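Enquirer: This is the structure I have questions about; it appears just below.
The values are calculated or read from the model by the stated rules, or taken from the named source; none is laboratory data. Only a predicted model underlies this, so the values are computations on that prediction, with no experimental measurement involved. Please note: Cβ atoms are built from the backbone with ideal geometry, for glycine as well, and neighbour counts cover all protein chains shown.
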Amino acid sequence: MDHKSCLPEKLEAHAIDDERFAKAYEAAGDRQRSLLKSLIAALWHLHAPKRVRSEMHEAGWEQGGGALLLIRPLSWAMLCVDASTASPGLVLSALMPALTSGVSEIAVIGIGSDALTHPVLTALELAGQERVFELQAHEATLLARSVAPAHTGIIMCLGRDAQAAFANAQVPMWSPRPRADERDCPSGFSLGVFLEEEHQYANQVKLDIDYLLPGVAIEWWSPSGKLGPSKAQRRAGDFPCFGKNCFDAVLVPQRFCRLALETFPVVLGLDRAGHWLWPGLTDDHFRLRHSAMF
């Protein structure tokens with residue numbers, strides 16, 4: 001392992017090749033690629049790329065002495081994904097803050113053969129993320145043991161298998177937790193959709209969500225309980241009733257966004273169907289902060 005990389009050189013044998021990226025891209029239709037580009041653009045603007053890469057602040061104290069603060073991007077980041085979170089929306093919302101923060105080296109690792117689906121690979125390619133690897137669970141565990149203890153990088157884990165594989169890594173970790181346990185869905189995360197009236201694009205909203213957020217449990221709410229896809233999980237109730245639920249994210253008409261933000265950690269307007277955010281994952285996770293007092 002060299003000083004510039006958090007990954008052993010032998011891991012390159014597990015890299016996803018150009019042919020597999022190309023097949024994934026070709027499998028996506030124009031609508032799907034447009035959705036991915038829209039999500040990437042929104043996340044890019046939200047996290048606003050940092051122009052200042054490294055900062056040094058010095059403060060002197062009247063009574064003598066002072067302090068120094070060094071702030072710079074982390075040297076590396078690893079995003080580990082398993083089959084339960086093989087979702088373009090979940091993956092991109094974790095990846096983009098690292099990209100915009102100026103992290104020197106970023107690697108995405110799929111745990112198992114079902115983690116790097118065609119939609120996920122297409123999302124990574126459109127985001128410019130080319131260092132992508134595929135490992136089995138036992139190989140990922142060995143990788144975790146080989147990463148030297150350090151505070152210059154971070155490992156992000158999406159999914160229980162990814163968390164288990166890197167549980168013993170001696171580096172800073174980040175992993176989201178669902179708001180409600182025992183959700184009957186692969187990812188463990190939930191989305192609530194509230195509709196006031198039938199929209200002509202309601203079916204397309206469902207298709208967009210299915211493409212960007214597979215594995216996320218969805219409940220469709222409306223006052224009548226009759227809106228939303230015919231075979232979907234429908235619920236009847238007004239907006240205050242909808243607000244008593246414990247969803248990880250909600251999709252609501254724009255006029256409800258401010259009100260919903262009082263209750264839910266992630267609120268999306270109807271035009272953002274399929275988008276996702278990790279509210280606990282901020283740019284600060286990807287910036288090294290060293291302090292000195294003298």
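Enquirer: When the residues of the range 83-102 are filtered to those that are surrounded by fewer than 20 Cβ atoms within 10 Å (Cβ to Cβ) and within 30 Å of ARG51 (Cβ to Cβ), which remaining residue is modelled with the lowest pLDDT?
Expert: The selected residue is GLY102.
Enquirer: Of everything in the range 221-242 that's over 20 Å from HIS275 (Cα atoms) and small (Gly, Ala, Ser), which residue is surrounded by the fewest Cβ atoms within 10 Å (Cβ to Cβ)?
Expert: The selected residue is SER230.
Enquirer: Right, next: Kindly list the number of the only condition in (1) surrounded by fewer than 22 Cβ atoms within 10 Å (Cβ to Cβ); (2) farther than 16 Å from ILE16 by Cβ that fails for GLN136.
Expert: Going through (1) surrounded by fewer than 22 Cβ atoms within 10 Å (Cβ to Cβ); (2) farther than 16 Å from ILE16 by Cβ one by one, GLN136 breaks only (2).
Enquirer: Something else now. Anything in the range 243-260 that is touching a strand residue (DSSP E or B) at 6+ places or on another chain (Cβ under 9 Å), surrounded by fewer than 14 Cβ atoms within 10 Å (Cβ to Cβ) and modelled with pLDDT under 95? List them, or say none.
Expert: Within the range 243-260, CYS246, GLN254 meet the criteria.
Enquirer: Just checking: which of the strands (runs of 3 or more DSSP E) contained wholly in the range 1-82 hold 1 or more residues that are modelled with pLDDT of 95 or more?
Expert: By residue number, 76-82.
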